[in-house]
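Here the structure is laid out as C-alpha cells; the discussion comes afterwards.
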Amino acid sequence: MGSEHSDTTADGPTVALALKILVAGGFGVGKTTLVGAVSEIRPLRTEERLSELGQHVDDTGAVAAKTTTTVAMDFGRITIRSGLSLYLFGTPGQDRFWFLWDELSQGALGAVVLADTRRLEDCFPAVDYFEHRHIPFVVAVNCFADSKTFGAHEVARALDLDRGTPVVLCDARDRDSGKEVLIRLVEYAGRMHSARLLDSVG
C-alpha cells in the first residue's frame, strides 16, 4: 500500500511516506493527461500511435482527435505535502491490456476512475474491477467542453456506485483540479482502510 523512508532534518528524523495510486478508466478519457498535469517529474509514458488495424477494436468516435494510446502504463509523482508523495500509475484503457491491471494494482492505496459523461458506460469495467477487489476509488468526471454537465449525485446513480463512493468533477488538464481529486482519494481511502482495520480487531 505504501513505502516509507526516513530523512533527517534539523528537527530530527522524519518519515516520508510514498503511496501508490492507480488512474483508470475507458479509452481516451484523459488518464495520460491527468498524470502529466499533476506530476512534478517528467512523466513516463508508454504510448504508441493508433493504427488502421486498431480501428476495429478501439472506438475513437468520441475522441476523433486522439492519435496515440497507452499500451503499458503512465507513471508520475506528486508531493501532496511534506513527507507524503503519491506515485501515480495510469492504466491502459482497452480490454486487451487489462491483464496488466492485476500487476499494477498490487500494493495500491486506491484508484481514480476517470469518467466521460458522453460515454459513461466506458468506465463500468474499472468500477467493477475495484469494487470486486475492495480497492477504494473515487470517480472523477472529466468535464469536456462539449459534454453535458451532470451533478455528482446523478453520476453516482447512473454508475450504481456503492453508497459513500466519492464522485468529483474535474478538469484533467488542470494541475490544481487533479490534485484535489487525489487528495479526496487519499482521504477516502484512509477512512476505508481505518474502518476495515477496526472491523478486523472488533
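The values are calculated or read from the model by the stated rules, or taken from the named source; none is laboratory data. Only a predicted model underlies this, so the values are computations on that prediction, with no experimental measurement involved. Please note: Cβ atoms are built from the backbone with ideal geometry, for glycine as well, and neighbour counts cover all protein chains shown. With ligands, DNA and RNA removed, areas are computed over all heavy atoms of the protein, side chains included. Shrake-Rupley method; radii C 1.70, N 1.55, O 1.52, S 1.80 Å.
For the pair His193 and Glu121, the difference between a 0.36 nm per residue extended length and the Cα-Cα distance amounts to 23.1 nm. Excluding Pro43 itself, what net charge comes from residues whose Cβ is under 9 Å from its Cβ, given Lys and Arg +1 and Asp and Glu -1? Its environment carries a net charge of +2. For the range 27-32, 3J(HN,Hα) computed residue by residue from phi via the Karplus equation (6.51, -1.76, 1.60; θ = phi - 60°) reads 5, x, 8, x, 5, 4 Hz, glycine and proline entered as x. Based on Cα contacts under 8 Å between residues 6+ apart, the range 140-202 shows a relative contact order of 32 percent. Between the amide H of Ala111 and those of Leu22, Phe137, Val138, distances stay under 5 Å, these residues lying 5 or more places away or on another chain, with hydrogens modeled in the peptide plane.
With only the Cα atoms considered, the range 86-202 has a convex hull volume of 114 Å³ per residue.
The slack in the chain from Arg81 to Ser200, taken as 0.36 nm per residue of separation less the alpha-carbon distance, amounts to 39.9 nm.
Peptides 139-150, 164-175, ordered by how many other C-beta atoms sit within 10 Å of their residues on average, highest first, read 164-175, 139-150. Full extension of the chain between Cys143 and Leu44 gives 33.2 nm of extra length, using 0.36 nm per residue less the Cα-Cα distance.
For the set His134, His193, His153, solvent exposure ranked by accessible area (probe 1.4 Å, protein chains only) runs largest to smallest as His153, His134, His193. In this structure, the amide hydrogen of Val168, modeled 1.01 Å from its nitrogen in the peptide plane, lies closer than 5 angstrom to those of Val139, Ala140, Val141, counting only residues at least 5 positions away or on a different chain.
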